[in-house]
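The structure under discussion appears below in the form of structure tokens.
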Amino acid sequence: MIFSDSSIGFVIGVFLIAIVCWWLRSRIESNPDPFWLSLTFFAFAGQFIRFAEATVRVISTQKTFHGYGKMFLLVASGGILAVVQTFVMNGHVQMTKRHYTKLLAPHLKSESLRLLWTDVLLRVTNVDLHPGGYKWLRKMFPYNEEPKKRSRQLAFSALSREGTISDGAATKSLEDSEATLLESTKTSTQPITEDLLIVTDTWGRAAYWWSYVVLCILSWALFLVSMTISQ
């Protein structure tokens, strides 16, 4: 593969924008978006922009060029990969939901409360396809804690009396509805801890993780091939 200077600059620019946008959102939000998912979408966006530029060239000159058809197939493939990536993420969301529901079952008898707390935990922690996978980012960005570990700490604090109750009236209401989970775990044979918020299905989690990473790599490969064709 031979790239022109403009193509190299375009690819590097898209990559840097993806990194910076992810970093900014992670600084604003308590829990960063999935890193490789963000890269996948930016790869497809860059590929689509280059295809759109080629389409404008074809329309303006009223003449196609060698490889334009291949570019169309590549951008269509990139779109399919982006859609498949969303299905992979949704699969892990469902796996995480099942894990939280099972974790809360011994402590909450009410199904509606289990569903409520499952949603609360999922919103705080999001999904963690690879526990500890963001540690390398601490060398690049000044995080006090590994991002996913920090989100688990926030979720765990939400389960405690101090994290969910602000006054006496709320205390009585939540106690009546069994929503103060930390108290109920004191007498439990398996109390809820921060580490238990990690999905225990390691095989399923690994399968989703590798699918997630491979799809991102394939998306960038399609982007690079499109860049060589469009030159």
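The values are calculated or read from the model by the stated rules, or taken from the named source; none is laboratory data. Predicted model only: the values in this text are computed from it and were never measured. Virtual Cβ from ideal backbone geometry, glycine too; neighbours counted across all protein chains shown.
Tell me which residues, restricted to the range 183-216, are at pLDDT below 75, part of a helix (DSSP H, G or I) and in contact with a Lys or Arg (Cβ under 7 Å, 6 or more places away or on another chain). Matches in the range 183-216: Glu183 only.
Results for (1) surrounded by 14 or more Cβ atoms within 10 Å (Cβ to Cβ); (2) in contact (Cβ under 8 Å) with a residue 60 or more places away in the chain, shown as yes or no for each residue.
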site: Leu39; (1), (2): yes, yes
site: Phe42; (1), (2): yes, no
site: Phe51; (1), (2): yes, yes
site: Val56; (1), (2): no, no
site: Gly67; (1), (2): yes, yes
site: Met71; (1), (2): yes, yes
site: Val75; (1), (2): yes, yes
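Residues in the range 96-108 that are touching a residue at least 12 places away in the same chain (Cβ under 8 Å) and within 17 Å of Ile198 (Cβ to Cβ): Thr96, Lys97, His99, Tyr100, Thr101, Leu103, Leu104. Consider the range 97-107 and keep the residues that are touching a helix residue (DSSP H, G or I) at 6+ places or on another chain (Cβ under 7 Å) and under 18 Å from Trp203 (Cα atoms). The one that is surrounded by the most Cβ atoms within 10 Å (Cβ to Cβ) is Tyr100. I need the full set of residues from the range 80-96 which are polar (S, T, N, Q), modelled with pLDDT of 90 or more and surrounded by 15 or more Cβ atoms within 10 Å (Cβ to Cβ), in order please. Gln85 - this is the single residue of the range 80-96 that is polar (S, T, N, Q), modelled with pLDDT of 90 or more and surrounded by 15 or more Cβ atoms within 10 Å (Cβ to Cβ). Would you say Val93 is touching a residue at least 40 places away in the same chain (Cβ under 8 Å), touching a helix residue (DSSP H, G or I) at 6+ places or on another chain (Cβ under 9 Å), in a helix (DSSP H, G or I) and within 24 Å of Ile198 (Cα to Cα)? Here the answer is no, as Val93 does not meet what is asked. Selection over the range 72-87 of residues that are aliphatic (A, V, I, L, M) and more than 16 Å from Trp220 (Cβ to Cβ) gives a count of 3.
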